[in-house]
1. Kindly provide the trypsin sites (Lys or Arg not before Pro) of segment B:78-116 that DSSP labels as loop, not H, G, I, E or B, and whose Cβ sees at most 11 other Cβ atoms within 10 Å.
2. Between residue A:80 and residues 5 or more places away or on another chain, which pairs have amide H atoms under 5 Å apart, with H built 1.01 Å from N, and which residues are they?
3. Under unit Cβ charges (Lys, Arg +1; Asp, Glu -1), what dipole magnitude, rounded to 20 debye, does segment A:236-349 have relative to its Cα centre?
4. Report the percentage of all Cα-Cα pairs in segment A:236-349 whose separation exceeds 19 Å, rounded to a whole percent.
5. When ranked by the protection proxy of mean other Cβ atoms within 10 Å per residue, highest first, what sequence do the peptides B:28-37, A:160-169, B:4-13 form?
6. Would you report the distance distribution of C-alpha pairs in the protein assembly as shown as whole percents per 20 angstrom bin, up to the bin with the largest distance?
7. Which of the trypsin sites (Lys or Arg not before Pro) found in segment A:16-117 are in a DSSP loop and have at most 14 neighbouring Cβ atoms, other than their own, within 10 Å?
8. Given +1 on the Cβ of Lys and Arg, -1 on the Cβ of Asp and Glu, and no further charges, what dipole in debye does segment B:79-219 carry about its Cα centre, rounded to the nearest 20?
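None of the figures in this text is laboratory data; all of them are computed from the coordinates on show. Computed from a prediction, not measured in an experiment: that's the story for all the values here. So basically every Cβ, Gly included, is an ideal-geometry build from the backbone, and we count neighbours across all protein chains shown.
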Amino acid sequence: MSFLSISQVTKAFGGLPVVNAVDLAIERGEFFALLGPSGCGKTTLLRMIAGFETPDSGTISIDGDVMNNVPPHQRPTNMVFQSYAIFPHLNVFDNIAYGLRKLKLSKDQLRARVDAMLATVRLEGLGGRAADQLSGGQRQRVALARALVREPKLLLLDEPLGALDKRLRETMQVELRAIQRKVGVTFLLVTHDQEEALSLSDRIAVMSAGKILQIATPRELYERPNCREVADFIGEINFFHATVREITDTTATVNAGLLGIVTLPSANLGSHGIKRDDHILLAIRPEHVRFAPDGVAGEITSATFLGERSHFHVKIAGRSEPVSVSGNAGPQGSAVALIFPPERLIGLPSAD
Amino acid sequence: MKNRALFIYALGYLAFLYVPVLFLPIFSFNNSQFIAFPLTGFTTRWYAGLGADAAMQHALGNSLKVGLVTALLSTMLGLTAAKAVTQYRLRGAAAMLGFISLPLFIPDIVLGISLLLLLGLLNLPLSLASVVVGHMLVCVPFSITVLIARFEGFDRNLEEASADLGESGWMTFWRVTAPLMMPGILASLLLTFITSFDEFLVAYFLSGTEATLPIYIWGQLRFPERLPTVLALGAIILTVSVALVIAAEMLRNLGVKKPMVGA
């Protein structure tokens, strides 16, 4: 059995299922992210693991123990709240020491333990600072230290970087990952920010409307999304309608309309049970589309300079939506030709 | 022109409020037992008289006892009710709150008579305890009102964070809720104490043989020669009340300066 094992967990509020028969298995020491748009049920799932909500059905177990009837204060989990929930009447030291009362440590032991944690989150010497004198980044560190100092089996993080500005967020991402490696605790992060999930996690579960759509490593999610929603949610992607002509063990030939007849590795169709004559979607990332003279003709309708590479919208005849391309080409209005390398095309079942 | 009229109105209003009250200290130092101008001379003998008045001191003791017990019990009940109403999804919370606040709108004399009848029917003796019960009916709504306002700015995540960090409901209350609610709790204690200390009608019906201070003062008014002493007593109560109000206001500001939300 996995370290954190969630089996058929369902939770409804006022008759509306918010989390719908979710199965999830997380291994010890993993940095795992629950990724999804707001309202997809990810926070409710997190709160059920912490014990603040009770599942209507299904079981949650941590390290082999079923948690369903264990109150929050007896669970081996600790949480970093989205608002950080720093106790405003206590200073930094007392905030971090808050959860250590029951250990009945001596004064010196307590100080040593809190100081070590202050060092881990790089807040050395700030123990005496009052809660209302902390910056956003410092509050985040205190919240993290307060949870980690209890040495939980599982650390839950609810949009922990959401309240920080972009620059600080990027610094904290690197640091969060380093801290997780150092302490070795299993981290479960909830976020709506795909970049955050991709850069931090070992594995990601993409959630939508109370369901988990796909569980995979960041690379797999990006390169092999298993449905249109996941492909759309993770990064940018172009879709083309196509019809399957022929499938063999190694290749698949599809009629991709504007792109002509394309032969791609059949592995790119995934395990969706796609068969001959099916209507499918071909998906390709902007950076995999290439500018080349002998491709599909088009015109650049917008060009955004992003440093080493630029981002383009290319209008091609017979298609209303522009194609997103990342690379190097001329300014807006230039005539270009696009090549869609078959090995980069991913086949997904079409919704209709 | 308009401003001037408003200014005069405001001045008149303030005079109407405070001039009568000022007579108390003025005449309490006047060397005559008749309350009339012109003043005849300065004396502190009415205050000295208070020091030797055992009946007054007994009544004062009763009022302090009743006030303290009423303030503590009302604030405890108010705290739990305010917490329940603001923090839990309760069915019928609004109706319940309405019922709790109803005694505010029932005339005290009706409240006093009904409680007197009830105690009679139950064969319970009148005592300071029955006064406390009556005063709680009057004070709990005040307490709830003060505390609800305080709870509305309270971040529930703080209590969840405490539970998450291993504390049970009771310890969470002591370590997080109570300290953060302290300005509200103190304001409620002061308000309910003063309300009880002042209260005459309900106490008059329910006190039996043990007089509270307002009842004692009411009794003294029958004796004209005791009037200056009553004024001296009134002046002391006035001073203490003003000091308490200033203290309560400073506490409130203290609470404002330190924002209590976690974010």
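1. Details: sites: B:83, B:89, B:91; in loops: B:89, B:91.
Filter output for segment B:78-116: B:89, B:91.
2. Correct list: A:156, A:157, A:158.
3. Value, rounded to 20: 80 debye.
4. 44
5. Per-residue Cβ counts within 10 Å, averaged per peptide and sorted highest first, yield A:160-169, B:28-37, B:4-13.
6. Whole-percent P(r) values from 0 Å outward: 15, 32, 26, 17, 8, 2, 0.
7. Values: sites: A:28, A:42, A:47, A:101, A:102, A:104, A:107, A:111, A:113; in loops: A:28, A:104.
Qualifying residues, ordered by number: A:28, A:104.
8. I would put it at about 240 debye.
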